[in-house]
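A short write-up of the structure that comes next.
The values are calculated or read from the model by the stated rules, or taken from the named source; none is laboratory data. In this text the structure is predicted, and so the values were computed from the model without any measurement. Cβ placement follows ideal geometry from the backbone for every residue including glycine, while neighbour counts extend to all protein chains displayed.
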Amino acid sequence: MTDVPASSLTHADRALMPAAMRRAIVIGLIAFFSLVDLFAAQAMLPALIQHYHVSPAAMGLAVNACTLGMAISSLATGLLSPLIDRRIGIVCSLALLTVFTALLASAPNLTVFAGLRILQGLCMASAFALTLAYLGEQCSATEAGGAFSAYIAGNVASNLVGRLVSASLTGALGLEPTFYVFAALNLFGALLVGVTIGRGAMMASTRSALRSAAIRDHLGNSRLRAAFGIGFCVLFAFIGAFTFVNFVLVRPPLSLGMMSIGLVYVVFLPSIVTTLLAGRIAARTGARRAIWGSLAITALGLALMLSSQLATVLAGMVLVGAGTFFAQAVTTGFVGKAATHDQGVASGIYLASYFSGGIVGTAVLGQLFDRFGWTACVAGIAAALVVAAALTGRLMPARA
């Protein structure tokens, strides 16, 4: 047997690693700047309610209206992505996102605010989906794992940092300067993409972008339908828990201020680690067991969030965040494997279903919270987890 010289391997690794590392860092940052606005406004909910003089349910629906735009944009981008230059598409999405974020600072009423959030969602989802497409097309098999991990880490970090920064800045400076800061972050993301992603990053395709046959095939696949439903339920639960817990935190007996609420969101730090491990754990246990386990952890966290003790509530938030992010990561991976063709279309349908769960969850759980309180809201979230667990049973391995 002929040995490969260690020196040549070292040289190849050294040539590959810096480029792979740079690409992974860029992809993680693009994910961060694309989604940093998504949940940042949730941490501002108490201040927004005072500003617009509306109920928690109405304000929660307006803040999470971005998920409606994301559902529409995810499906449209999945269908049209073969026709869109990756670099131009991401830059334009983030540039428009900058404009809509800045306009939120002067939104005169709740209707305009909600409309701008929908427009934000359209831009966030298109940047999100096109970055995923770029990752799949431009990263080699060697670096794909690291790049995808960086993308997930950027996604989770945007959730953590967005909430922490928005709550802290709102408490210190007020609403308007906070929105301008986030607009600046979006603009920086557009500039980053402009100088780091090369021209011509577009999938060559001679097929029609509107692949209705692929949609019918995917919706006719019972395993994929179950995965789409799980995605719906997961964001339904996540949005419900982390939208309306803000009102629990500022009310007696917890009575936290805006600055303290910002610090509360370090509860998402463990989610970064657990989400990165999702693929490896699912490969060992299977998708069904991995998702069932994550849903059980989420349910335990929900029970803890009913406590009147801050430490217990925070522990519950850690578990709910880790469980839902883990379930979402495993389900996303399952969709990629279960779709035997037109994976971009399957991902678009999954993301559309996932984000639809966010807007529906806000509407339904907001009414429960306003009319019956936090305990009823948690019960509604638990019901979504039960449905997700039942759907998980349908994720049977494909027959040879």
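Within segment 114-136, residues that are in a helix (DSSP H, G or I) have Cβ atoms under 8 Å from residues that are buried (at least 24 other Cβ atoms within 10 Å of the Cβ) and among the acidic types (Asp, Glu) in these pairs: Gln120/Asp37; Met124/Asp37, counting only partners at least 6 apart in sequence or on another chain. The set of residues from segment 50-101 being part of a helix (DSSP H, G or I) and among the β-branched types (Val, Ile, Thr) comprises Val63, Thr67, Ile72, Thr77, Ile88, Ile90, Val91, Thr98, Val99, Thr101. Please specify each residue of segment 272-313 satisfying the condition of being over 22 Å from Gly336 (Cα atoms) and buried (at least 17 other Cβ atoms within 10 Å of the Cβ). Across segment 272-313, the qualifying residues are Ile297, Thr298, Ala299, Gly301, Leu302, Leu304, Met305, Val313.
Residues checked against (1) more than 14 Å from the chain's Cα centre (by Cα); (2) farther than 25 Å from Ile72 by Cα; (3) hydroxyl-bearing (Ser, Thr, Tyr):
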site	(1), (2), (3)
Met317	yes, yes, no
Ala338	yes, no, no
Ser356	no, no, yes
Ile359	no, no, no
Asp370	yes, yes, no
Ala376	yes, yes, no
Leu385	yes, no, no
Leu391	yes, no, no
Arg394	yes, yes, no
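Which members of segment 27-49 meet the condition of being of a type in the set (A, V, I, L, M), over 20 Å from Val99 (Cα atoms) and either part of a loop (DSSP other than H, G, I, E, B) or within 18 Å of the chain's Cα centre (by Cα) (or both)? Within segment 27-49, Ile27, Ala43 qualify.
Just a yes or no: is a residue in segment 253-270 of a type in the set (Val, Ile, Thr) and modelled with pLDDT of 90 or more? No, because not a single residue in segment 253-270 is of a type in the set (Val, Ile, Thr) and modelled with pLDDT of 90 or more. Of Ala24, Ala31, Ala40, all but one fail to be modelled with pLDDT under 80, closer than 30 Å to Thr131 by Cβ, crowded, with 22+ Cβ neighbours inside 10 Å and touching a helix residue (DSSP H, G or I) at 6+ places or on another chain (Cβ under 6 Å); the exception is Ala24.
Okay, residues lined up against (1) closer than 15 Å to Thr392 by Cα; (2) modelled with pLDDT of 90 or more:
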site	(1), (2)
Leu306	no, yes
Ala322	no, yes
Gln328	yes, no
Gly333	yes, no
Lys337	no, no
Gln343	no, no
Ser347	no, no
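For segment 383-394, filtering for residues that are in contact with a helix residue (DSSP H, G or I) (Cβ under 6 Å, 6 or more places away or on another chain) and in a helix (DSSP H, G or I) leaves 7.
Could you list, in sequence order, the residues of segment 152-174 that are in a helix (DSSP H, G or I), surrounded by fewer than 19 Cβ atoms within 10 Å (Cβ to Cβ) and modelled with pLDDT of 90 or more? Of everything in segment 152-174, just one residue is in a helix (DSSP H, G or I), surrounded by fewer than 19 Cβ atoms within 10 Å (Cβ to Cβ) and modelled with pLDDT of 90 or more, namely Leu173.
Residues in segment 323-359 that are over 20 Å from Thr131 (Cβ atoms), among the small types (Gly, Ala, Ser) and crowded, with 24+ Cβ neighbours inside 10 Å: Gly323, Ala327, Gly357. One residue alone among Ala346, Ala311 is farther than 26 Å from Ala71 by Cβ and either in contact with a strand residue (DSSP E or B) (Cβ under 8 Å, 6 or more places away or on another chain) or outside the structural domain of Ile152 (by TED's automatic domain parsing) (or both), and that residue is Ala311. When segment 327-377 is filtered for residues that are of a type in the set (D, E, K, R) and outside any helix (DSSP H, G or I), only Asp342 remains.
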